[in-house]
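Coordinate-derived values only; no laboratory data. This is a predicted model, so every value here is computed, not measured. As a convention, Cβ positions derive from the backbone with ideal geometry for all residues, glycine included, and neighbour counts pool all protein chains shown.
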Protein chains: 2
Amino acid sequence: MHILKLNLKKHSYSIIIGNNIINLLGRYILKLNIGRDAYVITNASIKKKHGRLLNNGLKQSGFNVRFKLIPDTEKSKSIEMASSIIKDMTLYDRGRRVLIIAFGGGVIGDLAGFIASIYKRGIPYTQVPTTLLAQVDSGIGGKTAVDLTQGKNLLGAFYQPRLVLSDVGLLKTLNIRQIQSGLAEVIKYGVIKDAEFFTYLEKNYQDILDLKMPALEFIVMRCSGIKAKIVQQDEREEKGIRTILNFGHTIGHAIEAAGRYKRYNHGQAIALGMLIACDISKKLGLTNNTTVERIENLIKKVGLPTKIEKISGPDIIKAHYRDKKFMGLKNKFVLIKGIGKAVIRKNIPLKIIKESIKIYLI
Amino acid sequence: MHILKLNLKKHSYSIIIGNNIINLLGRYILKLNIGRDAYVITNASIKKKHGRLLNNGLKQSGFNVRFKLIPDTEKSKSIEMASSIIKDMTLYDRGRRVLIIAFGGGVIGDLAGFIASIYKRGIPYTQVPTTLLAQVDSGIGGKTAVDLTQGKNLLGAFYQPRLVLSDVGLLKTLNIRQIQSGLAEVIKYGVIKDAEFFTYLEKNYQDILDLKMPALEFIVMRCSGIKAKIVQQDEREEKGIRTILNFGHTIGHAIEAAGRYKRYNHGQAIALGMLIACDISKKLGLTNNTTVERIENLIKKVGLPTKIEKISGPDIIKAHYRDKKFMGLKNKFVLIKGIGKAVIRKNIPLKIIKESIKIYLI
């Protein structure tokens, strides 16, 4: 078991990573002195697989536990769902101190964190991520959000959890597509920040796909460490440091949106977005062929896509421009100078972006 | 014109107070470099009275202005209204930087601040309060909120505005009931923190009721100064300092709720709540008759109620217990040792509370 610390002054918290450690959750929350009434937001499938373990772990430490099940779909990340959950929670919260436990993947984590941020001007919450993607990325760092029909993650807050507990044992029940989706973010960490880790992935990717320990535990630990270090330097993405975590996301989000969130899942779209960011880096003379080929090879080996199917270039560009409202009128790309070396560049000519997208279209 | 500074490190901001200064708003926002697209949340009656002035003041400094009118009722402080306003705002926010201007009383300020806090994980907003209550109290300090059917202000955030501009000239269009409602909070500041100011109010209350300058400008300035000083010491009400601003509010909120928010407006209920808190202070031997009589006299002179009509004692106690969920199972009262000297006491015996309420029932 490993305990990492994310230092944010009085909003600091621990990230606990280990195999079959979910039974320790109650003990760790107890230490925080944030109440005894746990309101667990999850979905039916996660509850069926791991609900008893979580419940026992909490009950043993004297917690009251209430499970709230929500549909397992991105559509659950809505203001209407948040509102309906809060109304249910007020019935449970009778003159006591309620804490929220986000027990699921990215959707549940984002939604539960958002609810915790606005209920009574903020109550404590804990992330217990159950997917690789959530353990290495979305569960850490306090970005909470719900979607609007006008755009994903349009409502939200920066609101840190009081604890993240990543039980890598839970990952063993994931299907290959879910593991691959998380792996896109794992590869991202290597590319932007950690060449040694990238080399580790090149050598050990098969162990990860086979859900073997200690490989799984190691990658969750290494990625959590990188993310924690970046977040504590730039919690609110104001200094251009946290920005590098968006590597592959600028065009990746556009591909996701152009495919109406059905054609590609998040990880697949990010993999394609990374390839395009690599090609732009090459065109701008920032990096060379060898580097880009290593990245492309690893993406291919883990089974992530390297070609964009059934989506047109103009549709991606259109979605990209809609997304740009999040950052003002100028575009901003995270590019690379080499494995482990990310740089930020603004105002990339549209012509170059279009050409780089074209290369990956079928 | 006076400029106060509320110091909260990187969330610091200015409170600008003056007579007929609304035309300066654009100039001050411009200095903050927070965009040129102003989305003004207000209601039809305020827009009719002061909309042109605000619009001109902003246009002269090169701002684009869009007015969003909402119904003039507490019911507007809902998550559904917030959601509908945000959807309208996304149509205005096309790849640009939008800033929100809350142009109204407490309802508009709380709602607009809440929207600013959650849209894109926080965008800048400015308070331009148009009621005495909002200028001296709710417009300052970053408490934003919407109501649920389960309780008032149940959803919200601590989220500071970038500027507060209080044009006391706007107060001249208020009716006497609105002025009185604000005066309850004004008197509160004297009682909890500033004996000299309390004496000033005893001498000059008629000028205030007559909406005379410089009296109006002076009280807004003095109260804003007290509030700013308290907020900068305890932004999130964690240290027991900001808590004293709740003087009169513990039972006041219960009276408001027991009267279904119709029998008494906020200021009237707070006036009654202050009287009951005074009586509890007396019963606990914290203060004497003379002090309590001075407070009661001032409340009476400005036309605020000193008797609770058509609400029963048990109904107030019931509402008080419902409200207690906000602070755990123990009650907590702000009491006084004398004019200008507030103290906090926990676990006041129910018997004493009941007796003190009884005294003011008709």
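Annotations for the structure displayed:
- DSSP beta bridge pairing in segment B:2-172, given as percent antiparallel to the nearest 5: 30
- By other beta-carbon atoms within 10 Å, ranking B:Ser61, B:Ser76, A:Ser224 with the fewest at the front produces B:Ser61, B:Ser76, A:Ser224.
- Database remark: amide H of A:Leu8 closer than 5 angstrom to the amide H of A:Tyr13 (H placed geometrically; neighbours at sequence offset of 5 or more, or on other chains; Pro and chain starts carry no H).
- Anisotropy class of segment B:2-172 from Cα gyration tensor, a/c 1.5 cut: rounded
- Inter-copy label distances at B:Ile359, using a point 7 Å along Cα-to-Cβ, come to 8.2 nm with the shortest given first.
- Here each label is just a point 7 Å from Cα along the line to Cβ, and for A:Leu361 and A:Lys262 those points are 2.1 nm apart.
- The label point for B:Lys203 and the one for A:Asn64, both projected 7 Å from the Cα toward the Cβ, are 5.5 nm apart.
- Gaussian network model of chain A, springs between alpha carbon atoms under 10 Å - residue of A:Gly340, A:Gly142, A:Gly190 with greatest fluctuation: A:Gly340
- Cα-Cα over 32 Å, subset of B:Lys229/B:Lys330; A:Lys346/B:Lys229; A:Lys120/A:Lys332: A:Lys346/B:Lys229; A:Lys120/A:Lys332
- For B:Lys9, the shell of other residues with beta-carbons less than 15 Å away shows a net charge of +3, using +1 for Lys and Arg and -1 for Asp and Glu.
- Taking 16 Å as the straight-line reach from the Cα of A:Lys68, the aspartates and glutamates in range (excluding those fewer than 8 positions away in the same chain) are A:Asp37, A:Glu80, A:Asp88, A:Asp93, A:Asp110.
- Seen against the Cα atoms of chain B and their longest principal axis, helix B:313-323 is set at about 50 degrees.
- Qualifying trypsin sites (Lys or Arg not before Pro) in segment B:277-315, DSSP loop, other Cβ atoms within 10 Å at most 16: B:Lys307, B:Lys310
- Among residues other than B:Phe63 with Cβ under 9 Å from its Cβ, the summed charge is +1 (Lys and Arg +1, Asp and Glu -1).
- In a simple Cβ point-charge model (Lys, Arg +1; Asp, Glu -1; nothing else charged), chain B has a dipole of about 660 debye relative to its Cα centre.
- Theoretical gain in end-to-end length, A:Arg96 to A:Thr73 [0.36 nm per residue, Cα-Cα removed]: 5.2 nm
- Relative to the Cα centre, the charge distribution of the protein assembly as shown, modelled as +1 at Lys and Arg Cβ and -1 at Asp and Glu Cβ, gives a dipole magnitude of about 80 debye.
- Ignoring aspartates and glutamates fewer than eight residues from B:Lys351 along the same chain, the ones with Cα atoms less than 19 angstrom from its Cα are B:Asp279, B:Asp315, B:Asp323.
- Inter-copy separations for A:Lys31, label at 7 Å along Cα-Cβ, nm, ascending: 4.8
- For B:Asp72, inter-copy label distances in nm, listed shortest first [label point 7 Å out on the Cα-Cβ vector]: 5.3
- Chain A: angle of helix A:79-92 to the longest principal axis, Cα-based, in degrees nearest 10: 20
- Each label point was placed 7 Å from the Cα along the Cα-to-Cβ direction; for A:Lys9 and B:Met213 their separation is 3.9 nm.
- The distance separating the Cα centre of segment B:236-257 from that of segment B:1-67 comes to 29 Å.
- Residue pairs, from the table A:Lys5/A:Lys75; A:Lys10/B:Lys188; B:Lys5/B:Lys212; B:Lys239/B:Lys262, whose Cα atoms sit over 28 Å apart: A:Lys5/A:Lys75; A:Lys10/B:Lys188; B:Lys239/B:Lys262
- For A:Gln233, neighbours were defined as the other residues whose beta-carbon sits under 9 Å from its Cβ, and their charges (Lys and Arg +1, Asp and Glu -1) total +1.
- Here segment B:2-172 is assigned +1 on the Cβ of each Lys and Arg and -1 on the Cβ of each Asp and Glu. Its dipole about the Cα centre then comes out at about 600 debye.
- Full extension of the chain between B:Asn56 and B:Lys87 yields a length gain of 8.6 nm, computed as 0.36 nm times the residue separation minus the alpha carbon distance.
- In this structure the amide hydrogen of A:Ile344, modeled in the peptide plane, comes within under 5 Å of the amide hydrogens of A:Leu335, none closer than 5 places in sequence on its chain.
- Applied to segment A:46-59, the Karplus parametrisation 6.51 cos²θ - 1.76 cosθ + 1.60 on θ = phi - 60° returns per-residue 3J(HN,Hα) values of 5, 4, 4, 6, 10, x, 5, 4, 5, 4, 4, x, 7, 4 Hz, with x for Gly and Pro.
- Alpha-carbon centroids, segment A:268-282 and segment B:259-288: separation in whole Å: 64
- Helix B:106-118 vs. chain B, principal-axis angle (Cα, 0 to 90°, nearest 10): 60
- Modelled FRET efficiency - R0 25 Å, A:Thr290 with A:Ser312, Cβ distances, 0.05 increments: 0.20
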